[in-house]
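Bear in mind these aren't lab numbers, they're just calculated from the coordinates by the rules spelled out. On a predicted model such as this, the values are computed, not experimentally measured, just so you know. Every residue, glycine among them, receives a Cβ derived from its backbone with ideal geometry; neighbour counts consider all protein chains shown.
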Amino acid sequence: MQEHLFFPTPSSPHLLCYPDFTGGYSGYPSHAVDRPARSDDLKLNRLYNLHLVQGGRGTVGSGGDVFELEAGSGFLYGPGLAQRYASSSADPWDIRWVHFSCLAADRLLGARGLSEPWLFRMPDPSGAYACMEELLELGRSSDPNREAEASARLYELLLHLVNRASPLAMPSDPSIPGIHAAAEWIRSRCTDPSLSMSEVAAETGYSVPYFSRKFHQLMGRTPSAYLLESRVLHAKHLLVASSLTVREIAAASGFSQSSYFIQCFRKLEQTTPERFRLSRRA
């Protein structure tokens, strides 16, 4: 088996996760990948890369170590990571993969795969295997009308892994807990218009340049972009759940000027706050 399946570009920009490319290998002892960090090959500088091993054996490199994987295990690379994995020549693996985007990665996947590959084992992989096979079937159909189904199946697959898989190797980057705590701190205080990145960095104990660099590496965007997204998310809730004016919502969401709020909202949501409110209430 050697299969490569590409999904049509989704019409909706708001899907929580979406597969870009899926496929599988079996009976190919020469299957091996060695990609440098931030490679744009297959858009992997922007996509996650998930593999599930269904049979046989293979190896994955992480730092200076090499781990052997077998049936019931798998690995996840976050965007931009160097990738190094290969099938066993003596016992070639039967493997399935999906490369995907994930808008809610920080909430759904946490730090998994961000600073180093997440290697995991599943006590009962049957549910994850079933989701992967359905993704393959959807990839074969290339039907743009089934994009919501493809997103839902990928979401189900990721939930299987997050809730049931156990790590083979724990992340060694000591900054991960602090960066994720900082992300929660930003989200909880995003409505404060005076919130600064120097204040957030001080909470982590890191300098602003180091904090900004690690935050971007682990979260996939800068702290300032994350703060802006958090404020717009808060504003979206108020637009739907309250009768406040756009000016009042801008102030309540941490924006000093309503014109800047409208500009940011349009950039992130491709619509104005008023149109968003009308469409959701309708």
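Highest mobility in the GNM of the chain, judged by mean-square fluctuation with C-alpha springs under 10 Å and restricted to 227, 42, 52, is found for 42. Listed from fewest to most Cβ neighbours within 10 Å, the set 34, 20 follows the order 34, 20. What the pair-distance distribution of the chain shows, using all Cα-Cα distances binned every 5 Å from zero, is 1, 5, 11, 14, 16, 15, 13, 10, 7, 5, 2, 1, 0, 0 percent. Could you work out how far the C-alpha centroid of the stretch 101-135 sits from that of the stretch 11-34, in angstrom? What the calculation gives is 12 Å, centre to centre.
Histogrammed with a bin width of 5 Å, the alpha carbon distances of the stretch 159-282 distribute as 2, 11, 18, 17, 14, 13, 11, 8, 4, 1, 0 percent, first bin at zero. Cβ crowding within 10 Å ranks 160, 216, 237, 51 as 237, 216, 160, 51, fewest other Cβ atoms first. Based on alpha-carbon atoms, the Kirkwood radius and the radius of gyration of the stretch 1-76 give Rg/Rh equal to 0.98. For the stretch 36-106, the square roots of the Cα gyration tensor eigenvalues, ordered a ≥ b ≥ c, give a/c of at least 1.5 with a/b greater than b/c, which places it in the prolate category. Taken about its Cα centre, the chain carries a charge dipole of about 1060 debye when Lys and Arg each add +1 at the Cβ and Asp and Glu each add -1 at the Cβ. Listed as lacking a disulfide-compatible partner in the chain: 131, 190, 264, by the criterion of no other cysteine Cβ under 4.7 Å. When the square roots of the Cα gyration tensor eigenvalues are ordered a ≥ b ≥ c, the ratio a/c for the stretch 2-167 is under 1.5, which makes its shape rounded.
Name all residues of the stretch 91-125 having a backbone nitrogen under 19 Å from the label point set 7 Å from the Cα of residue 140 along its Cα→Cβ direction, giving them as ranges. Within reach of a label on residue 140: 94-99.
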